[in-house]
1. Taking neighbour counts of Cβ atoms within 10 Å as a proxy for exposure, in what order, fewest first, do Tyr158, Tyr80 appear?
2. Taking only complete DSSP H runs, can you tell me which helices of the chain stretch 15 Å or more along their own long axis by Cα positions and average at least 0.0 on the Kyte-Doolittle scale?
3. Evaluate the charge dipole of the stretch 21-330 about its Cα centre and quote only its size in Debye, nearest 20, assuming +1 on the Cβ of each Lys and Arg and -1 on the Cβ of each Asp and Glu.
4. To the nearest Å, what is the center-to-center distance of the stretch 187-215 and the stretch 58-82, using C-alpha atoms only?
5. Multiply the residue gap between Ser327 and Gln72 by 0.36 nm, knock off their C-alpha separation, and tell me the result in nm, one decimal place.
6. With point charges of +1 on the Cβ of Lys and Arg and -1 on the Cβ of Asp and Glu, referenced to the Cα centre of the stretch 21-330, which listed residue (Ser97, Trp320, Ile297) lies farthest in the positive direction of the dipole?
7. Give the lysines reachable from Lys350 as a straight Cα distance under 25 Å; neighbours fewer than 8 places away on the same chain don't count.
8. Please work out whether the stretch 252-358 counts as rounded, prolate or oblate from its C-alpha gyration tensor, where a ≥ b ≥ c are the square roots of the eigenvalues and a/c under 1.5 means rounded, while otherwise a/b larger than b/c means prolate and anything else oblate?
Amino acid sequence: MAIGLFWATTCLCVLLFVLALDIMGVFSRKNHFEVDGRTVVITGGSQGMGRGLAKLLAQKGASIVIVARNKQKLEDALKYISSAAKNPQTQRFHSISADVTKPEESERIITEVTAWNNGNPPDIVWANAGSAHPTLFLDTPPETLRSQMDINYFAAAYLAQAALKTWIKPSPSAANANPKLAKPRHFIMTSSVVSFVGVAGYGPYAGPKSAMRSLADTLHSEVNLYNGARRKDHINGPPADIKIHCVMPGTITSPGYEEEEKLKHPVTKILEKDDPSQTEDEVAKAAVNGLEKGGFIITTQLLGHAMRASALGGSQRNNWFVDTVFSWVVAVAWLFIGPDLDGKVFAYGKNHGLAASK
């Protein structure tokens, strides 16, 4: 027994050490997400994670287009973001007021950005718009369930269609270009760690975010069709490879989070009481770091890494060794974590009764 415990502890320590090295990028020196001189569109870019992403990518040399509904917030955010530009003389900044829950608005965004970008479509499109309505499922009105699906799933799906349809069109300059030198285009979606683990009180939000993760899995497979077609005929095919990514943050301290706290049922607060949180700059840095390492499903802190490893299923692995071994460890941990979470919800109902759900 003692020898087995020793080797189990040793293996766990080695795993955590390798995981730490992987998170720091030791195993992947190549930058898979170059943004210097490229054009990036970010929805939900006027505050929170979107604003943090826009600022960080501006610091790395990208030209930025942010999208949101509120024009005043867009103007304020654009000043904040442009002040962080790496090359102020060459970088450009633009904002678009749009309701991304409408499919025609996504088409307008891509068309407007292409015209603003001298006839070139954006290189990177980040579907980051979203909002959480964390209430008990039975207490949530049907119209809220629909609106949560609209902003947290359909907004990304509509934008993906608009961007991908534009990206697969042949480029007039492709005939004279070397297809091997074309930098890939990236479509990124911001989902959530609640798509990995069911938590009481997140029913309206978790379903759409889980659908988004499934969409990312599907699109990751589907774009291989277009990427393969480039190899056959780069003149009449897409001018660059297309890559799909899905970022899964946890708790982000932001104005939106403060509003969510007002809605949450007490049992939800109990379940996530000890969860780590990140600022908009911290989550942006972690997300972009994962992209630069070539990740597909990207989590932004250790708890998220563990949740991802426990729920990968058929999703692409970011690192086959770390993800496989980490999933083994987390599978054992869930023998204790799962019953603990369930027990807390059960105990709350037992102590407070059905009235506590209202």
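1. On the way: Tyr158 21, Tyr80 15.
With the sparsest Cβ surroundings first, the list reads Tyr80, Tyr158.
2. 2-23, 48-59, 155-167, 320-352
3. Working: 34 positive and 30 negative charges, 202 e Å.
Rounded to the nearest 20 debye, it is 960 debye.
4. Taking the Cα centre of the stretch 58-82 as reference, the centre of the stretch 187-215 is 26 Å away.
5. Gain on stretching Ser327 to Gln72: 87.3 nm.
6. Of the options given, the answer is Trp320.
7. Lys262, Lys264, Lys269, Lys273, Lys358
8. Numbers: a/c = 3.25, a/b = 1.42, b/c = 2.29.
Note, shape of the stretch 252-358 comes out oblate.
Just so you know, all these numbers are worked out from the coordinates, no wet-lab data involved. As the structure is a prediction and not an experimental result, all values here were calculated from the model. Heads up, the Cβs are rebuilt from the backbone with ideal geometry, glycines too, and the neighbour counts pull from every protein chain shown.
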